[in-house]
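Written below as structure tokens is the structure these notes are about.
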Amino acid sequence: MHLIVAAEQWVPWLRITQDNDGTLNYSGIMFNILTALSHALNFTYELRRPPDGLWGVGFPNGTWVGQLGMVKRGEVDFALGPFAFNWERYHYACEFTQPIFIDYASVFMQRPRVQTDLMAFIRPFQWQVWVCLFGTLVLIWVMLLVLVRVPPSPQKRKERDSNISRRRENHKSHLVWIIRSIAGQSNPWLPEDGWGRTVTAIWLLACVVFLALFSSTLTAMLTVPIVRVPVDSTGDLVAQRKIPWAIESGSYLYQVLYQATSGIYKALWDGHLFKITDCYTSRRDIGAGMYAAVCDKMTMKKVMSEDFSMTGECNFYMAREDFKSMPLALAFQHQHPLYSRVNQRLLELINKGLVNRWIEQQLPNGTSCLGPLNSDLAGFKRPLSIQDYYGLFSVFGVGASLACLPRQHITQLPSIIEPREIRASQSGCQTEVNTE
């Protein structure tokens, strides 16, 4: 028996190369399956490629294009594919065999890299922590102001009156003292009363804990930086505007998207800017960051495997989301005499593990780049560069610029008004000196 089989390149399932004399050579998982079926069922075959190079899309007028169109019109006995099947394809175009593999669609894009972060020095804590710290700073300042105004005991008052100049200097701004404490600077001043010392002791202890946590966390983040993923799902893809995306023409997902009327499918269709044949053919554009693509994960793994084998680096990223399940199968004409026998033989190949073995042969380094984004930095001693300190140097530059301004343009920190008793004692001392 001689069969006409439709086939088109889809690496790693089927690879088609051409010699200098025009001879086409076929290889890949589906070619191994076709060879096994021809030997088991004793048939010869002739491979034909679709003129439009598409897989199969049906239109509202009932016409079909691509390989499935060839099957529907009876131009071929079956199409090698494999094809993701749904109700429209099964009911109107062809009859699918036993699924040989279940794949998923997802987002394929250039691998995110470590980027300069001007705000890296505030990343150790979330914004809620910084807000609480600022609120605590204001609260401690107010408490010190209140405690300083509390009238001291007669003995403490006598000691304080004997050293007014030092007291004035120390009481100019408790806010400066609080800031010096949290910055790890020395502070010669201490409150004279017990309640004030209790508040300052609690604040100093909190500063020690805060500074230890901040410094250790910042060091860890700078040494092993966290790579931020801009897109890790189709929802992330349609929600952003920086990265354009492409979809595969004539594919199963193409038909699902263009028929959608709402939801994420409609958003993907309305927002796409490019149409590509497949992710493998467009892998260089994807790796260069020209656009992301929505395609099958098997092709993504093949691209990443070949790229890692050639360069030893991970230059592509596959989103973790399994967006759309795609059972893959061969497509036969309805009521074809070999359909049931092919189904039985496919089930035997799957149960014996041959299909999985052929898949593993196509992906020698298929899992090398599937770990977390910073996993390839593990064990790598990364020296800190000036880019890691852009934020700190920016803050330093702003502070130095403010320090160079004329003194009268700088807003002075509020000083503490001394209690009435102290001012009265100062007046008394002034009167005694004048009398003498």
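The values are calculated or read from the model by the stated rules, or taken from the named source; none is laboratory data. Just so it is clear, the model here is predicted, and its values are computed rather than measured. Ideal geometry is used to build each Cβ from the backbone, glycine not excepted, and the neighbour counts take in all protein chains shown.
Quick notes on this structure:
- Unmet criterion (only one of (1) out of contact with any Leu (no Cβ under 8 Å at 6 or more places or on another chain); (2) under 17 Å from residue 111 (Cβ atoms); (3) buried (at least 21 other Cβ atoms within 10 Å of the Cβ)) for residue 298: (2)
- Which listed residue, of 300, 310, is under 15 Å from residue 368 (Cα atoms), out of contact with any Gly (no Cβ under 6 Å at 6 or more places or on another chain) and touching a residue at least 12 places away in the same chain (Cβ under 8 Å): 300
- Of the listed requirements (1) aromatic (Phe, Trp, Tyr); (2) in a helix (DSSP H, G or I); (3) modelled with pLDDT of 90 or more, residue 254 misses just one: (3).
- Subset tally (residues that are aliphatic (A, V, I, L, M), modelled with pLDDT of 70 or more and touching a helix residue (DSSP H, G or I) at 6+ places or on another chain (Cβ under 8 Å)) for segment 115-157: 10
- Only a single criterion out of (1) within 30 Å of residue 320 (Cβ to Cβ); (2) surrounded by 23 or more Cβ atoms within 10 Å (Cβ to Cβ) is not satisfied by residue 88, namely (2).
- Looking only at residues in segment 6-49 that are among the β-branched types (Val, Ile, Thr) and surrounded by 19 or more Cβ atoms within 10 Å (Cβ to Cβ), the one that is modelled with the lowest pLDDT is 11.
- In segment 50-69, residue modelled with the highest pLDDT [restricted to those that are of a type outside the set (S, T, N, Q) and over 16 Å from residue 251 (Cβ atoms)]: 51
- Residue 56 at positive phi and surrounded by 19 or more Cβ atoms within 10 Å (Cβ to Cβ): yes
- You will find that of 247, 286, the residue that is free of Cβ contacts under 8 Å to residues at least 60 places away in the same chain and touching a strand residue (DSSP E or B) at 6+ places or on another chain (Cβ under 7 Å) is 247 and no other.
- Any chance residue 264 is in contact with a Gly (Cβ under 7 Å, 6 or more places away or on another chain), assigned to a helix (DSSP H, G or I) and surrounded by 15 or more Cβ atoms within 10 Å (Cβ to Cβ): yes
- Segment 24-50: number of residues that are free of Cβ contacts under 8 Å to residues at least 60 places away in the same chain and out of contact with any strand residue (DSSP E or B) (no Cβ under 8 Å at 6 or more places or on another chain): 3
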